[in-house]
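A quick write-up on the structure given underneath.
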Amino acid sequence: MHEFALAESVVRATLQTAESEGMTAVTRVVVQVGELQQIKKDVFEFALKQVHSDDPRLADTVLVVEIVPARFSCRVCEHGFTLAETGEHDADAKEAIHFVPELAHAFMRCPACGSPDFEVAEGRGVGIASIEGERPDA
Ligand SMILES: [Zn+2]
């Protein structure tokens, strides 16, 4: 399960930060997941709860999962746009774009110049946006 592997790497990175920052408890972790990342938010949240329970520093951590909307950037006119701005897509097209972002080129055109030559600027990957924790009176 993809979500569990990602959850494990988020927890590992969080603990490394807690270690290097000398945190005694991690209070809040904000994880950003790209809209095009093939992830189910509820499964990912469940996975984070499952894997984070065995370290005492993570006992009371609030985990926030944010979905980052996909943004595209036209290589011809440099216009930046979102999926919604490219017009109506049927459910099959949306599904295809979410699962295989490369397929976006088959369904979408730059809304400014009509070119199919664009790149995914945002909305892929998983990253930790912030880690907050308690430190012994620093
Ligand atoms: Zn364009």
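When the range 111-125 is examined, which residues are found to be away from the ligand (no atom under 14 Å from the Cβ), not in a loop (DSSP other than H, G, I, E, B) and not β-branched (V, I, T)? If the condition is that a residue be away from the ligand (no atom under 14 Å from the Cβ), not in a loop (DSSP other than H, G, I, E, B) and not β-branched (V, I, T), then E122 is the only one that fits. Listed conditions (1) of a type in the set (A, V, I, L, M); (2) without any contact (Cβ under 8 Å) to a residue 12 or more places away in the chain; (3) in the same structural domain as A25 (by TED's automatic domain parsing) are all met by I128, apart from (2). Right, V62: farther than 20 Å from G125 by Cβ, in the same structural domain as P116 (by TED's automatic domain parsing) and exposed (fewer than 15 other Cβ atoms within 10 Å of the Cβ) or not? No.
Residue by residue through the range 31-45, note down the ones that are assigned to a strand (DSSP E or B) and farther than 14 Å from S9 by Cα.
Across the range 31-45, the qualifying residue is only G34.
In the set (1) modelled with pLDDT of 80 or more; (2) within 16 Å of F72 (Cα to Cα), E132 fails one condition alone, (2). Inclusion of E88 among residues that are free of Cβ contacts under 8 Å to residues at least 12 places away in the same chain and more than 23 Å from D42 (Cβ to Cβ) is warranted. Taking first residues from the range 60-81 that are within 14 Å of A7 (Cα to Cα) and at pLDDT 90 or above and partners that are within 14 Å of the ligand (Cβ to nearest atom) and not aromatic (F, W, Y), no Cβ contact under 9 Å between residues at least 6 apart in sequence or on separate chains turns up. Per this entry, A129 is not counted among residues that are within 16 Å of the ligand (Cβ to nearest atom) and small (G, A, S). The condition of being modelled with pLDDT under 90, over 18 Å from the mean Cα position of the chain (by Cα) and surrounded by 18 or more Cβ atoms within 10 Å (Cβ to Cβ) holds for only one of H52, H105, that being H52. Restricting attention to the range 67-92, the residues that are in a strand (DSSP E or B) and more than 10 Å from the ligand (Cβ to nearest atom) add up to 4. Under the condition of being under 30 Å from R12 (Cα atoms) and surrounded by fewer than 17 Cβ atoms within 10 Å (Cβ to Cβ), the residues counted in the range 72-100 number 2. Any residue that is of a type in the set (G, A, S), away from the ligand (no atom under 16 Å from the Cβ) and within 16 Å of S130 (Cα to Cα) - is there at least one of those in the range 95-109? No, the conditions are met nowhere in the range 95-109.
The values are calculated or read from the model by the stated rules, or taken from the named source; none is laboratory data. Here the structure is a predicted model, which means the values were calculated and not measured. All Cβ positions, glycine included, derive from the backbone under ideal geometry; neighbour counts span all protein chains shown.
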